1. If residue 99 passes every condition in (1) without any contact (Cβ under 8 Å) to a residue 24 or more places away in the chain; (2) more than 11 Å from the chain's Cα centre (by Cα) but one, which one does it miss?
2. Mind listing just one residue for me: the one in segment 78-96 that is more than 11 Å from the chain's Cα centre (by Cα) and touching a residue at least 60 places away in the same chain (Cβ under 8 Å) and, of those, farthest from residue 60 (Cα to Cα)?
3. At pLDDT 95 or above and under 30 Å from residue 109 (Cα atoms) - does that describe any residue in segment 37-51?
4. Can you list the helices (runs of 4 or more DSSP H) lying wholly within segment 1-75 that have 3 or more residues being free of Cβ contacts under 8 Å to residues at least 12 places away in the same chain and either out of contact with any strand residue (DSSP E or B) (no Cβ under 6 Å at 6 or more places or on another chain) or buried (at least 17 other Cβ atoms within 10 Å of the Cβ) (or both)?
5. If you check residue 123 against the conditions, is it assigned to a helix (DSSP H, G or I), in contact with a strand residue (DSSP E or B) (Cβ under 8 Å, 6 or more places away or on another chain) and either within 19 Å of residue 16 (Cβ to Cβ) or touching a residue at least 24 places away in the same chain (Cβ under 8 Å) (or both)?
6. Filter segment 102-115 down to residues that are under 15 Å from the mean Cα position of the chain (by Cα) and part of a helix (DSSP H, G or I) and give me whichever is nearest to residue 82 (Cα to Cα).
7. I'd like to know if segment 76-95 contains one or more residues that are surrounded by fewer than 14 Cβ atoms within 10 Å (Cβ to Cβ) and either in a helix (DSSP H, G or I) or touching a helix residue (DSSP H, G or I) at 6+ places or on another chain (Cβ under 9 Å) (or both).
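The values are calculated or read from the model by the stated rules, or taken from the named source; none is laboratory data. Small disclaimer: the values here were computed from a predicted structure and weren't measured. With ideal geometry, Cβ positions are generated from the backbone for all residues, glycine too; neighbour counts draw on all protein chains shown.
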């Protein structure tokens with residue numbers, strides 16, 4: 001599913017189980033994970049507070065990133081594409097901002113083309129997840 005600014009789906013899995021599926025679906029579409037933030041662990045470490053399982057995966061398709069950066073180096077401000085996993089009551093909510101939304105402020109024809117290609121790839125990722 002997508003709304004006006006993001007893709008999203010809900011998986012009837014724990015976050016670790018959902019993360020395995022998400023990583024595989026991203027890899028199939030040539031996205032690698034270049035950063036990872038375990039929000040639950042960071043909030044415990046920095047603030048000593050409990051928080052449900054919650055993770056941000058920084059996904060990157062190097063070929064698409066390179067194309068966009070050639071047109072407008074400021075695109076780096078919107079990278080990587082964050083895929084968010086949040087577990088509640090045994091289900092994991094997965095979401096990612098639409099590349100067309102994330103890259104809207106940046107000028108350049110190649111930036112627009114890259115956003116469209118990335119959005120098509122992420123649409124396939126979320127379709128795969130929804131079918132799981």
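1. Exception for residue 99: condition (2).
2. First, the residues of segment 78-96 that are more than 11 Å from the chain's Cα centre (by Cα): 78, 86-93.
Keeping just the survivors that are touching a residue at least 60 places away in the same chain (Cβ under 8 Å) gives 86-87, 90-93.
Numbers: 86: 20, 87: 23, 90: 28, 91: 25, 92: 22, 93: 20 Å.
Once the filter is applied, the top-ranked residue is 90.
3. No: zero hits.
4. Working: elements: 15-28, 39-47, 62-71.
Filter on segment 1-75 gives 15-28, 39-47.
5. Values: assigned to a helix (DSSP H, G or I): yes; in contact with a strand residue (DSSP E or B) (Cβ under 8 Å, 6 or more places away or on another chain): yes; either within 19 Å of residue 16 (Cβ to Cβ) or touching a residue at least 24 places away in the same chain (Cβ under 8 Å) (or both): yes.
Against the criterion (assigned to a helix (DSSP H, G or I), in contact with a strand residue (DSSP E or B) (Cβ under 8 Å, 6 or more places away or on another chain) and either within 19 Å of residue 16 (Cβ to Cβ) or touching a residue at least 24 places away in the same chain (Cβ under 8 Å) (or both)), residue 123 qualifies.
6. Step one: of segment 102-115, the residues under 15 Å from the mean Cα position of the chain (by Cα) are 102-103, 115.
Then keep just the ones that are part of a helix (DSSP H, G or I); that gives 102, 115.
Numbers: 102: 10, 115: 14 Å.
Looking at residues that are under 15 Å from the mean Cα position of the chain (by Cα) and part of a helix (DSSP H, G or I), I get 102.
7. If we filter segment 76-95 for residues that are surrounded by fewer than 14 Cβ atoms within 10 Å (Cβ to Cβ), which is where we start, we get 76-77, 88-90.
Still in the running and either in a helix (DSSP H, G or I) or touching a helix residue (DSSP H, G or I) at 6+ places or on another chain (Cβ under 9 Å) (or both): 76-77.
Yes; the residues of segment 76-95 include at least one that is surrounded by fewer than 14 Cβ atoms within 10 Å (Cβ to Cβ) and either in a helix (DSSP H, G or I) or touching a helix residue (DSSP H, G or I) at 6+ places or on another chain (Cβ under 9 Å) (or both).
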